[in-house]
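S.K.: Before I ask anything, let me first share the structure, which is written out below as structure tokens.
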Amino acid sequence: MQLLKFLFGIILAQMATAFLVLLSTDELDTSELTKLAIPILFISLTIALWFSSMAEHYRKDAIGKAEGDFAKEREQLRVNAERAKRRVEKKAQKDIVKEATTTHAKANFKVGMAFAGVLGIGGLFVFAQMVTVGLLAISAGGGAIGGYYWRGRRLESGRLREIEIKDLKVIESKPSRFSKFKLLKS
């Protein structure tokens, strides 16, 4: 499309030059050539400025379009990177939860087996006529199981509180104005 604009300017310059040459007299001496050259130079200068203006506008439009395309592409890359980051974070969190669950299940099984062993030994003592030692082992095992269960509940509720606190905005308190004053020692 830009070619047609430049082609029209070139044809216009050639037509003006041809028209000026046809209007001039048959005798072309130096004064006639000077009279002919000045308008042709003025027309050439005007058309050169016109072409320069058109080229500058075309350049600005091309740069603006390229910057817009690059900005869109950069934003798309940023969005895709953020999505990929979120996916990786979610996957890592799921893996951490899965590993923690597996580890806790294994630990709970081992602890449960140990407590079952203690209770079994206590029951064995009761049947072997060592009632005091057997009841002591059974009560110690039951207390340990209860304590273990209670500690697990406290840790779980503490985690819930930590999650809730992370989501809340904390209001920081300002230091007391009395802390600036020192107590006078007598």
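S.K.: Mind listing whichever residues of the stretch 80-132 are surrounded by fewer than 10 Cβ atoms within 10 Å (Cβ to Cβ) and either touching an Asp or Glu at 6+ places or on another chain (Cβ under 7 Å) or not in a helix (DSSP H, G or I) (or both)?
M.R.: The one that is surrounded by fewer than 10 Cβ atoms within 10 Å (Cβ to Cβ) and either touching an Asp or Glu at 6+ places or on another chain (Cβ under 7 Å) or not in a helix (DSSP H, G or I) (or both): 129.
S.K.: Take the conditions modelled with pLDDT of 85 or more, of a type outside the set (S, T, N, Q) and either under 29 Å from the mean Cα position of the chain (by Cα) or surrounded by 10 or more Cβ atoms within 10 Å (Cβ to Cβ) (or both) and apply them to residue 5. Does it pass?
M.R.: When the stated conditions are applied, residue 5 does not pass them.
S.K.: Taking interchain pairs and intrachain pairs at least six residues apart, which have beta carbon atoms under 7 angstrom, with the first residue in the stretch 35-59 and surrounded by 12 or more Cβ atoms within 10 Å (Cβ to Cβ) and the second not in a helix (DSSP H, G or I) and not charged (D, E, K, R)?
M.R.: Pairs that qualify, where the first residue is surrounded by 12 or more Cβ atoms within 10 Å (Cβ to Cβ) and the partner is not in a helix (DSSP H, G or I) and not charged (D, E, K, R), are 36/24.
The values are calculated or read from the model by the stated rules, or taken from the named source; none is laboratory data. This one's a predicted model, so the numbers in the text were calculated from it and none came from an experiment. Note that each Cβ is placed from the backbone with ideal geometry, even for glycine, and that neighbours are counted across all protein chains shown.
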